Amino acid sequence: MIVVVPVDPPRDGLVLQSLAEQSPLSDAEAASLYEAALADVLWAVARSGGDLLVNYRDAETLPETQAYGDPEAEVRALVRDALGEDADVRFERQVGSSRSARVGNTVTHLLEREDAQSVGVLEPTVPLVNRTEIDGAAMSLRRHDVVIGPSTGGRTYFGGFSEPIDFTDAYTTPELSTLARRGAEGGLGVGFAPMLPTVTSPVGLQTTIAGLEARQSADRPDAEATAALVDELGISVGEGGGLERQ
């Protein structure tokens, strides 16, 4: 399976902007969280049996206020810092006017033009993912045409395809039901991966932090980059379930 990780340059006010607006995190802290989560995701893919493709946004697909500098160089630096200089990583720029279009163009190209057997789109914001979920999804794609990884709030952290779907507005909220419906409407078999939170919203970050603490208590540490940043920022889940700063 080719594992596509769509990556934005980690700029303040661009990545995890909704989280910064709804939580105690500043724009800069949200950008740091994005970088940490991405590092953990990249490590998970590197340890899996998948082939990593980093699908980066360039100036043509960024908002006008963010269309400056060298986004590709920023993303390459992130990947290099996470995996090292010699990591086997393919880089391709995103093409399309919307997220649905960009994902659809990448998946369809890989399946139809490059004859890939299966393609998985893994969000860069799901630090608790590990090789078990990635390899399990690849196995599931041998039985199903579409495999979806549910996340909190009707979102998804993974979409796997052995056949293309109609991607027009396919990532319209709620992504989970929209993607499943598109697969079913195309006559394709739809399966599901285990549920995992992303850090794109306060509830997703809360669930991630609780998951990190649970794994540490069970002596099964994971998502080391994200865990280290959460500790550095002093973020925790309070008794009422909300995010707190220590």
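Taking each residue of the stretch 193-210 that is in contact (Cβ under 8 Å) with a residue 24 or more places away in the chain and looking for partners that are of a type in the set (G, A, S) and open to solvent by 40 Å² or more (accessible area, probe 1.4 Å) with beta-carbon atoms closer than 8 Å, six or more apart or interchain, yields T200/S18; S201/S18; S201/G153; V203/G153; G204/G153. Scanning the stretch 74-109 for residues that are more than 17 Å from L42 (Cα to Cα), among the hydrophobic types (A, V, I, L, M, F, W, C) and assigned to a helix (DSSP H, G or I) turns up A101, V103, V107. Looking at this structure, is E112 in a helix (DSSP H, G or I) and exposed (fewer than 12 other Cβ atoms within 10 Å of the Cβ)? Yes; evaluated as a whole, the condition is true for this residue. Residues in the stretch 196-246 that are assigned to a loop (DSSP other than H, G, I, E, B), open to solvent by less than 30 Å² (accessible area, probe 1.4 Å) and over 22 Å from S26 (Cα atoms): L196 alone. Out of the stretch 153-175, which residues are basic (K, R) and either surrounded by fewer than 16 Cβ atoms within 10 Å (Cβ to Cβ) or part of a strand (DSSP E or B) (or both)? Once the filter is applied, which keeps residues that are basic (K, R) and either surrounded by fewer than 16 Cβ atoms within 10 Å (Cβ to Cβ) or part of a strand (DSSP E or B) (or both), the stretch 153-175 yields nothing. Scanning the stretch 1-51 for residues that are under 16 Å from A82 (Cα atoms), open to solvent by less than 20 Å² (accessible area, probe 1.4 Å) and in a loop (DSSP other than H, G, I, E, B) returns P9, S48.
Against the test of being free of Cβ contacts under 8 Å to residues at least 40 places away in the same chain, out of contact with any strand residue (DSSP E or B) (no Cβ under 7 Å at 6 or more places or on another chain) and either small (G, A, S) or over 21 Å from D222 (Cβ atoms) (or both), the options G154, G136 yield a single qualifying residue, G154. Inclusion of R102 among residues that are of a type in the set (D, E, K, R), in contact (Cβ under 8 Å) with a residue 60 or more places away in the chain, surrounded by 19 or more Cβ atoms within 10 Å (Cβ to Cβ) and over 30 Å from V237 (Cβ atoms) is warranted.
The values are calculated or read from the model by the stated rules, or taken from the named source; none is laboratory data. Please read these numbers as outputs of a predicted model, since none were measured by experiment. Counting neighbours? That spans all protein chains shown, and the Cβs are built from the backbone with ideal geometry, glycine included. The accessibility values were calculated without ligands, DNA or RNA, using every heavy atom of the protein model including side chains. Shrake-Rupley method; radii C 1.70, N 1.55, O 1.52, S 1.80 Å.
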